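Step one of this worksheet: look at the structure below.
Read the figures in this text as sums done on the coordinates, not as results from a lab. Everything numeric here is computed off the predicted structure, so don't read it as measured data. Neighbour counts run over all protein chains shown; Cβ positions are idealised from the backbone, glycine included.
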Amino acid sequence: MTEHNSTIRSVCVYCGSQPGRDPAFMEAGRQLGRSLAENNIRLIYGGGTKGIMGAVAAGVLSAGGQVTGIIPEFLVDMEATRHSLGQLSELIITQDMHERKHAMFERSDAFVTLPGGIGTLEEIVEIMTWGQLGRHAKPMVFANINDFWKPMLELIDHMSSAGFIHTAHRVRPLVIDQVEDIVPAIIDRWDMSANPEGEPAIISKL
Ligand code: AMP
């Protein structure tokens, strides 16, 4: 388990390297980026400057925030341009995907998944599996823009009701429809896990 800072300092965002067809997805990326910057939270992401990945980074930078891009050498010319990578506050070039994923995990206090494709899915599923195995208790969010993640959430429910999710209490991703609610929800979940007594205490007050 990693140390728990008193406040959230960094959030990892997983999302498509493509823009997707619904313009709401790019807008959600930009808006989430601005919201991170306004809350003094560093963006950790895959370094790509195209698609939704590019939109999140641009949102953070446009609001004066900090961005760490972590990209393997072989993807630099596919998912970014050398010029745009130069605009990031911090750039980490890794040897391979494994090193990239590990660096993203280590540096992040929480994980948000915007709409994306197979790469995005792989990244958030891995983080959920590490949570399930008790390797971390960092907040995880599905940004459910226009119900994008509905089929995935149905699949998780299906696996759960079929008896295959063995430590469900450790795999409790937040599902949030509105971008402006994401950062406040992460901060709440972080504060609760910093104080394990907090959750029952709050429930008893309801
Ligand atoms: P996609 O959702 O397919 O557009 O991919 C989004 C991001 O996930 C891109 O930065 C990809 O480089 C990254 N990605 C693709 N495959 C993997 C993988 N197996 N593990 C980690 N990241 C990946």
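Here are some notes:
- 3J(HN,Hα) along segment 184-194: x, 5, 5, 4, 4, 5, 5, 5, 5, 6, 5 Hz, from the Karplus curve 6.51 cos²θ - 1.76 cosθ + 1.60 with θ = phi - 60°, whole Hz, x for Gly and Pro.
- Student exercise, the chain dipole from Lys, Arg, Asp, Glu Cβ charges, in Debye to nearest 20: 140 debye
- Amide H partners (placed H, <5 Å) of Thr49, local residues excluded: Ala80, Thr81
- For segment 72-206, the equivalent ellipsoid built from the Cα gyration tensor has semi-axes of 29, 18, 16 Å, listed from largest to smallest.
- Segment Glu38-Glu90, length gained on full extension (0.36 nm per residue, minus Cα span): 16.9 nm
- Taking amide H positions as modeled 1.01 Å from N, with prolines and chain starts lacking one, the residues under 5 Å from Phe111 and 5 or more places away or on another chain are Cys12, Met140, Val141.
- Estimated purely from DSSP H runs of n ≥ 4, each contributing -39500 (n - 2.57), the mean residue ellipticity at 222 nm for the chain is -14000 deg cm²/dmol once divided by its residues.
- Modelled label reach - Ser161, point 7 Å along Cα→Cβ, segment 132-150 residues with backbone N closer than 17 Å: 150
- Amide hydrogen proximity for Gln66: with H placed 1.01 Å from N in the peptide plane, the residues at 5 or more positions away or on another chain lying under 5 Å are Leu43.
- At R0 = 25 Å, FRET efficiency that the Cβ-Cβ distance of Trp130 and Asp181 yields, to 0.05: 0.50
- The loop-placed trypsin sites (Lys or Arg not before Pro) in segment 85-175, going by DSSP, that have at most 16 neighbouring Cβ atoms within 10 Å of their Cβ come out as Arg135.
- Across segment 10-191, C-alpha contacts under 8 Å between residues 6 or more apart give a mean separation that, scaled by the residue count, equals a relative contact order of 23 percent.
- Placing unit charges on each Cβ (+1 for Lys and Arg, -1 for Asp and Glu) gives the chain a dipole about its Cα centre, and among Pro151, Trp130, Met104 the Cα reaching farthest toward its positive end belongs to Met104.
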